1. Regarding R95, is this residue under 24 Å from P119 (Cα atoms) and either at pLDDT below 95 or assigned to a strand (DSSP E or B) (or both)?
2. Could you check, for the stretch 114-133, whether at least one of its residues is at pLDDT 95 or above, in a strand (DSSP E or B) and of a type outside the set (S, T, N, Q)?
3. Taking the condition surrounded by 13 or more Cβ atoms within 10 Å (Cβ to Cβ) and at pLDDT below 90, does T84 pass?
4. Restricting to the stretch 31-57, name every residue that is over 22 Å from G114 (Cβ atoms) and either in a loop (DSSP other than H, G, I, E, B) or among the hydrophobic types (A, V, I, L, M, F, W, C) (or both).
5. For the stretch 94-113, give me each residue that is surrounded by fewer than 17 Cβ atoms within 10 Å (Cβ to Cβ), under 15 Å from F31 (Cβ atoms) and of a type in the set (A, V, I, L, M).
6. Hey, L25 hits all of (1) surrounded by 10 or more Cβ atoms within 10 Å (Cβ to Cβ); (2) modelled with pLDDT under 90 but one; which does it fall short on?
7. Tell me which residues, restricted to the stretch 28-75, are modelled with pLDDT of 95 or more, out of contact with any Pro (no Cβ under 8 Å at 6 or more places or on another chain) and aliphatic (A, V, I, L, M).
8. Which of the following residues is buried (at least 19 other Cβ atoms within 10 Å of the Cβ) and either touching a residue at least 24 places away in the same chain (Cβ under 8 Å) or of a type in the set (S, T, N, Q) (or both): R48, R70?
Amino acid sequence: MAHLIQRKEELVGLLERRKQVRHELSARAVFSWEGPKQERLEREGVTRDISESSAFIVTTSCPPALASVRVELFLPPLRGTVATVRLRAEMLVIRIEQAPPGDQQSGFAVEGPGFNISPGLNHDGESGSSLPTRLKDSEG
């Protein structure tokens, strides 16, 4: 019984260390990092959850721990099929969860100063937004 109480206290302690509320969200994620030969490696995944300055991304190929990663999240639309909002950030891989052999999906957690919001663009550069052009042109 004492073991169960200790585990519960550890779990409560872990939850209390989180600085922000996490929200379950399944959004397309494109991420890239610099490989060992200074080449830019790019992969895709899907978010499991996000907060103001962090995310957990489920993928078949994780960047290494402590890698600096460029992350783009394409938020699902309220209607239609094309993402209308994109979140971008430079983040740090703080944790990797490797799937056991036989499972296909692993994942990793990233954390950073926060996401920048911009009109949604498909990864090939086509706009998925109905926002005025002047807002698209002001995108950084």
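The values are calculated or read from the model by the stated rules, or taken from the named source; none is laboratory data. All values reported here derive from a predicted model rather than from experimental measurement. Quick reminder, even Gly has a Cβ in these numbers, built from the backbone with ideal geometry, and neighbours come from all protein chains shown.
1. Details: under 24 Å from P119 (Cα atoms): no; either at pLDDT below 95 or assigned to a strand (DSSP E or B) (or both): yes.
Spelling it out, it is not the case that R95 is under 24 Å from P119 (Cα atoms) and either at pLDDT below 95 or assigned to a strand (DSSP E or B) (or both).
2. No; the residues of the stretch 114-133 include none that is at pLDDT 95 or above, in a strand (DSSP E or B) and of a type outside the set (S, T, N, Q).
3. Details: surrounded by 13 or more Cβ atoms within 10 Å (Cβ to Cβ): yes; at pLDDT below 90: yes.
Yes, satisfied.
4. G35, P36, K37, Q38, E39, L41
5. Residues satisfying the conditions are I94, I96.
6. Failed condition: (2).
7. A29, V30, V46, I50, A55, I57, V58, A65, L66, A67, V71, L73
8. Numbers: R70 fails: buried (at least 19 other Cβ atoms within 10 Å of the Cβ).
The match here is R48.
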